[in-house]
């Protein structure tokens with residue numbers, strides 16, 4: 001009887017845990033416009049915390065240190081957007097030509113498949129009826145931009161406020177968790193080390209992709225280098241998307257076996273980075289189960305889109321290091337401070 005009651009209590013506890021998890025996920029999905037910039041601000045604040053603390057140690061007031069950190073993040077984001085602007089505008093200008101190339105390539109491929117003439121007719125009808133309308137739908141209009149501007153400004157303000165006040169009050173926040181302060185610090189250092197190192201690796205990979213695509217003769221090599229830099233933050237899915245995109249671009253731009261050279265070159269660079277460079281620089285201590293990493297990225301992309309894909313892995317790294325450190329803390333033997341009675 002006692003055993004059955006214990007088992008029933010365990011089942012009820014598991015059910016309550018699942019309900020709480022579903023409720024939490026639904027809440028995060030429902031509050032995406034607030035939760036996503038808040039979590040992103042916390043992650044970037046954790047990454048920048050060593051620099052903010054270094055500024056404090058040299059005598060700069062904490063408010064000024066947090067302001068400098070926010071200014072550096074804003075400057076980096078502005079430079080990135082300015083560098084991406086001309087590339088994106090050039091890509092938008094090339095959309096009609098790319099659409100014509102895709103139409104020609106799809107029709108040619110469909111003709112090579114015997115017995116599938118209806119596929120060719122379907123493709124021709126779809127592309128002919130879509131025409132420039134597909135391009136017009138892909139490019140946001142001025143009304144769309146004006147509609148999205150206030151929401152984007154609110155999210156940007158939420159991110160900036162979260163980053164600034166977290167950097168300003170991080171010491172007080174961690175003081176509430178005195179027993180776990182060491183674990184919190186180690187988790188922060190792990191995320192900061194991971195993010196800074198991976199950003200440097202991705203930047204070098206982007207430069208290498210730019211150089212290789214220039215040597216191959218691919219159009220818009222700057223675009224491919226920036227895409228390699230950004231998409232490599234999304235493990236597994238980002239490189240797969242790059243390979244597929246380069247394969248399509250190679251088939252459109254080149255003929256014969258030369259068309260598979262761009263994806264093959266990127267695959268070789270990515271394999272060198274993933275198998276040799278990243279494990280050596282990031283370190284064995286931050287290695288996670290590949291299934292956990294993959295599911296975390298997929299879940300983050302489903303939950304919050306690109307922002308979720310970027311913050312999912314730092315959050316998993318932080319949680320894993322924090323849990324391991326708290327587990328080690330609980331396993332330490334407790335020493336009785338009272339004197340031994342004779």
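The values are calculated or read from the model by the stated rules, or taken from the named source; none is laboratory data. Note that the coordinates shown come from a computational prediction; the quantities given were computed from them, not determined experimentally. Glycine also receives a Cβ, built like all others from the backbone with ideal geometry; neighbour counts cover every protein chain displayed.
Under 6 Å between Cβ atoms, at least 6 apart or on separate chains: pull out the pairs that start in the range 264-275 with a residue that is farther than 18 Å from residue 244 by Cα and end on any residue that is surrounded by 16 or more Cβ atoms within 10 Å (Cβ to Cβ).
Hits for this filter: 273/205.
Does residue 241 fit the bill of being at pLDDT below 90 and within 26 Å of residue 295 (Cα to Cα)?
Working: at pLDDT below 90: yes; within 26 Å of residue 295 (Cα to Cα): yes.
So residue 241 fits the description; yes.
How many residues, within the range 203-220, are without any contact (Cβ under 8 Å) to a residue 40 or more places away in the chain and surrounded by 19 or more Cβ atoms within 10 Å (Cβ to Cβ)?
Residues flagged as without any contact (Cβ under 8 Å) to a residue 40 or more places away in the chain and surrounded by 19 or more Cβ atoms within 10 Å (Cβ to Cβ) within the range 203-220 amount to 2.
Might you check whether a residue that is farther than 24 Å from residue 278 by Cβ, touching a helix residue (DSSP H, G or I) at 6+ places or on another chain (Cβ under 6 Å) and part of a helix (DSSP H, G or I) occurs anywhere in the range 197-213? Give the steps one after another, and end with the answer.
Of the residues in the range 197-213, the ones farther than 24 Å from residue 278 by Cβ are none.
So far as the range 197-213 goes, no, none of its residues is farther than 24 Å from residue 278 by Cβ, touching a helix residue (DSSP H, G or I) at 6+ places or on another chain (Cβ under 6 Å) and part of a helix (DSSP H, G or I).
Tell me which residues, restricted to the range 53-66, are in contact with a helix residue (DSSP H, G or I) (Cβ under 7 Å, 6 or more places away or on another chain) and surrounded by fewer than 23 Cβ atoms within 10 Å (Cβ to Cβ).
55, 56, 62, 63, 65
Taking the conditions exactly as written (farther than 30 Å from residue 72 by Cα, at pLDDT 85 or above and either under 16 Å from the mean Cα position of the chain (by Cα) or part of a helix (DSSP H, G or I) (or both)), does residue 259 satisfy them or not? I'd like the intermediate steps shown before the answer.
Working: farther than 30 Å from residue 72 by Cα: yes; at pLDDT 85 or above: no; either under 16 Å from the mean Cα position of the chain (by Cα) or part of a helix (DSSP H, G or I) (or both): yes.
Judged against the criteria, residue 259 is not a match.
If a residue must be more than 16 Å from residue 72 (Cα to Cα) and buried (at least 19 other Cβ atoms within 10 Å of the Cβ), how many such residues does the range 156-185 contain? Write out each step before concluding.
So in the range 156-185, the residues more than 16 Å from residue 72 (Cα to Cα) come out as 158, 169-185.
Now narrow it down to the ones that are buried (at least 19 other Cβ atoms within 10 Å of the Cβ): 170, 183-184.
The total comes to 3.
Only one of 50, 37 is assigned to a helix (DSSP H, G or I), over 19 Å from the mean Cα position of the chain (by Cα) and in contact (Cβ under 8 Å) with a residue 12 or more places away in the chain; which?
Values: 37 fails: over 19 Å from the mean Cα position of the chain (by Cα).
Going through 50, 37 in turn, just one is assigned to a helix (DSSP H, G or I), over 19 Å from the mean Cα position of the chain (by Cα) and in contact (Cβ under 8 Å) with a residue 12 or more places away in the chain: 50.
Which one of these does residue 315 not meet: (1) part of a helix (DSSP H, G or I); (2) more than 23 Å from residue 206 (Cα to Cα); (3) at pLDDT below 85?
(3) is the only condition that residue 315 fails.
Kindly provide the set of residues from the range 297-309 that are on the phi < 0 side of the Ramachandran plot and surrounded by fewer than 21 Cβ atoms within 10 Å (Cβ to Cβ), ordered by number. If you could, list the steps in order and put the result at the bottom.
Step one: list which residues in the range 297-309 are on the phi < 0 side of the Ramachandran plot, which gives 297-304, 306-309.
298, 299, 301, 302, 303, 306, 307, listed by residue number.
Which ones in the range 13-32 are under 20 Å from residue 158 (Cβ atoms) and in contact (Cβ under 8 Å) with a residue 40 or more places away in the chain? Can you show your working first?
First, the residues of the range 13-32 that are under 20 Å from residue 158 (Cβ atoms): 24, 27-32.
Listed by number, the residues that qualify are 28, 29, 32.
Among the residues of the range 58-67, count how many are closer than 20 Å to residue 159 by Cβ and not in a helix (DSSP H, G or I).
Residues meeting the conditions: 0.
Just to be sure I understand, how many residues within the range 172-196 are assigned to a helix (DSSP H, G or I) and without any contact (Cβ under 8 Å) to a residue 24 or more places away in the chain? Reasoning before the result, please.
Keep residues of the range 172-196 that are assigned to a helix (DSSP H, G or I), which gives 172-175, 178-196.
Now restrict to residues that are without any contact (Cβ under 8 Å) to a residue 24 or more places away in the chain: 172-175, 178, 181, 185.
Final tally of qualifying residues: 7.
Quick one: which residue in 81, 55, 70 is at pLDDT below 75, part of a helix (DSSP H, G or I) and out of contact with any strand residue (DSSP E or B) (no Cβ under 9 Å at 6 or more places or on another chain)?
Working: 55 fails: at pLDDT below 75; 70 fails: at pLDDT below 75.
It is 81.
Among the candidates 235, 223, which residue alone is touching a residue at least 12 places away in the same chain (Cβ under 8 Å), on the phi < 0 side of the Ramachandran plot and not in a helix (DSSP H, G or I)? If you could, list the steps in order and put the result at the bottom.
Details: 223 fails: not in a helix (DSSP H, G or I).
After applying the criteria, what remains is 235.
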